[in-house]
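These notes are about the structure you will find just below.
Since every read-out is calculated from the coordinates, none of them should be taken as a lab result. Only a predicted model underlies this, so the values are computations on that prediction, with no experimental measurement involved. Neighbour counts run over all protein chains shown; Cβ positions are idealised from the backbone, glycine included.
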Amino acid sequence: MNDPLPSLSTGVAGNSAVDSAGGAATVQSAAAAPVLPAASQAFSPSAPGGGTAAAPGTLSHGGGGQEPQRDLPANPGAGIDYRRFLDCIHCGLCTAACPTYLELGNENDSPRGRIYLMRAVTDGRLHLTPEVQRHLDLCLDCRACETACPSGVQYGRLIEPFRVAMEELGVAGRTSQSWFHRLVLHGVFPYPQRMRPLLRLARWSQRLGLVRLIQAARLTRLLPGPWRQMVEMLPPLPRPAAKLPTFVPAVGARRRRVALFTGCIADAMFRHMHWATLRVLARNGCDVVIPQNQVCCGAIHLHSGAGTAARTFAEQNLAAFEVKNLDAIVVNVAGCGAMLKDYGHHWHDERQAARAQFASIVRDVHEFLDELGLVPPEGKLPLVATYHDACHLGHAQRIREAPRRLLAQIPELQLRELPESEVCCGAAGTYNLTQPEMAQRLAERKVRQIVATGAQAVLVGNCTCLMHIERFCRAAGHRLWFAQPIELLDLSYQGQRPRL
Ligand code: SF4
Ligand code: SF4
């Protein structure tokens with residue numbers, strides 16, 4: 001198997017050559033790396049810079065100035081502002097923060113390597129081979145590299161549009177538009193009303209012992225990969241919580257008027273968390289509206305490359321929330337919050353300003369309560385807990401201290417720091433379904449760290465991370481209590497304790 005960047009030295013040398021001169025040096029660096037093609041080979045039939053007229057639908061660079069304008073048919077990097085690639089100074093400080101590099105030690109699976117690959121494809125120096133795609137697909141989009149980068153590289157704004165373009169241009173035999181993506185990831189997950197009957201069926205199968213039987217007989221092995229992952233990751237399903245109201249009034253004097261974003265998977269599987277959030281917001285003096293016509297944030301589609309469908313979801317949410325009458329749109333799922341906050345950046349059209357206005361009032365629930373000033377919870381919770389920084393909270397939204405500050409106010413709660421708290425657990429939205437091997441490696445790494453803290457409770461600000469870590473904790477025989485921090489606050493306000 002040829003790796004585009006088999007070693008650190010090859011990658012950096014190639015990249016340096018590109019920076020300094022482009023053109024001839026590029027071909028030279030291409031010769032040095034095993035699968036880097038000569039420039040004339042790339043993007044056949046029309047070579048970059050060869051004067052071929054752009055094909056219909058060709059994208060062009062959105063900015064730059066240091067590189068000549070290129071018009072490359074089927075070039076997934078062509079719509080990206082080229083200056084974003086140039087922000088990377090190849091220092092490598094991000095590599096130690098990258099979960100896939102930590103696990104594999106391969107430069108191609110590091111942020112620096114992936115930026116190099118995307119840029120080389122954009123330049124036309126590298127074919128978008130299945131091997132190159134594999135390195136890009138293995139990225140969790142956790143954005144730990146952004147936190148670590150001293151040069152301010154906005155990695156998410158490289159990988160996300162690059163993936164979207166790979167899908168939309170249909171390059172090099174992409175498989176992610178497979179039936180699983182169309183049917184499940186795109187056709188069911190974003191729609192709570194479609195998920196609920198399936199979850200009911202799963203719950204009854206669990207109650208009747210069918211799931212246990214299937215697992216004991218190892219029949220799940222007969223299922224195709226992603227289906228097997230779905231069956232195995234399902235936690236024991238409780239009775240679904242009651243339907244959410246359209247409005248919850250503040251307790252006491254009103255301090256803010258906010259709306260709750262309920263999402264899709266969260267609404268179908270974690271409604272109890274929404275109820276806890278509503279109670280905590282009301283207890284903190286907030287009138288809360290819950291728009292009934294809101295929809296999925298669009299992250300599932302966007303992160304699997306379906307940008308147009310994601311934009312449709314965004315527009316539906318803009319119509320559902322009366323931004324002018326709200327102080328904030330509060331989100332209790334980190335992945336959704338990160339997506340909603342990026343509505344103003346993902347698409348460049350005449351609606352961009354409206355989406356940016358919507359994004360400007362989106363707040364993660366911990367961030368919101370921390371800014372507002374928490375009404376001190378009084379119920380004692382004498383237990384040892386640890387907190388995992390979900391990537392889309394810690395890295396994408398840079399919210400690390402707010403949840404800790406809120407939890408510190410719960411009487412008698414002992415919060416133990418989790419080593420490598422900021423390293424992705426492998427859930428990463430639907431990554432655990434599409435890249436199960438790496439997802440499992442990272443989850444098992446996380447479980448080892450959690451167990452070492454001696455905590456009884458594990459707190460996570462993102463429900464898919466929570467489900468993913470809990471699955472591997474269970475599999476390893478550890479019985480820990482998992483919840484979102486907001487649920488613990490709710491228990492404290494109510495004077496109740498978790499059933500450990
Ligand atoms: S830390 Fe930033 S500048 Fe350095 S290699 Fe990584 S992405 Fe590039
Ligand atoms: S987003 Fe995460 S997995 Fe992807 S390159 Fe950055 S640190 Fe690595």
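Between T308 and I89, the simple spin-label model (points 7 angstrom out along Cα→Cβ) gives 4.1 nm. Here the residues F313, F247, ranked from fewest to most Cβ neighbours within 10 Å of their Cβ, fall in the order F247, F313.
Between R221 and N293, the contour length at 0.36 nm per residue exceeds the alpha carbon distance by 22.0 nm.
Residues W275, W227 in ascending order of nearby Cβ atoms (within 10 Å, fewest first): W227, W275. Counting every other Cβ atom within 10 Å of each residue's Cβ, D81, D342 order from fewest to most as D81, D342.
The simple Förster model, with R0 at 35 Å and r as the Cβ-Cβ distance, assigns R134 and A354 a FRET efficiency of 0.40. In loop segments of the stretch 402-500 as defined by DSSP, the trypsin sites (Lys or Arg not before Pro) with at most 13 further C-beta atoms inside 10 Å of their C-beta are R479, R499.
Counting only residues at least eight positions apart within a chain, or on another chain, the lysines with an alpha carbon under 22 Å from that of K324 are K341. In plain terms, the chain from E437 to K243 could stretch by 66.2 nm, reckoned as 0.36 nm per residue minus the Cα-Cα distance. Computed from label points 7 Å out along Cα-Cβ, the spacing between A408 and K380 is 2.2 nm.
Computed 3J(HN,Hα) for the stretch 381-393, one whole-Hz value per residue from the Karplus formula 6.51 cos²θ - 1.76 cosθ + 1.60 where θ = phi - 60°, is 10, x, 9, 9, 10, 10, 10, 9, 7, 4, 4, 6, 9, glycine and proline marked x.
Within a Cβ distance under 15 Å of W347, other residues only, what is the Lys/Arg minus Asp/Glu net charge? So the surrounding residues net to -2. Couplings 3J(HN,Hα) of the stretch 348-360, computed from phi: 10, 8, 5, 9, 4, 5, 5, 5, 5, 5, 4, 4, 5 Hz, in residue order, whole Hz [Karplus 6.51 cos²θ - 1.76 cosθ + 1.60, θ = phi - 60°; x for Gly and Pro].
Taking 0.36 nm per residue of separation and subtracting the Cα-Cα distance, full extension of the segment from R255 to L201 would add 15.2 nm.
What whole-number distance in Å separates the alpha-carbon centres of the stretch 322-352 and the stretch 186-218? Taking the Cα centre of each part, the stretch 322-352 and the stretch 186-218 sit 31 Å apart.
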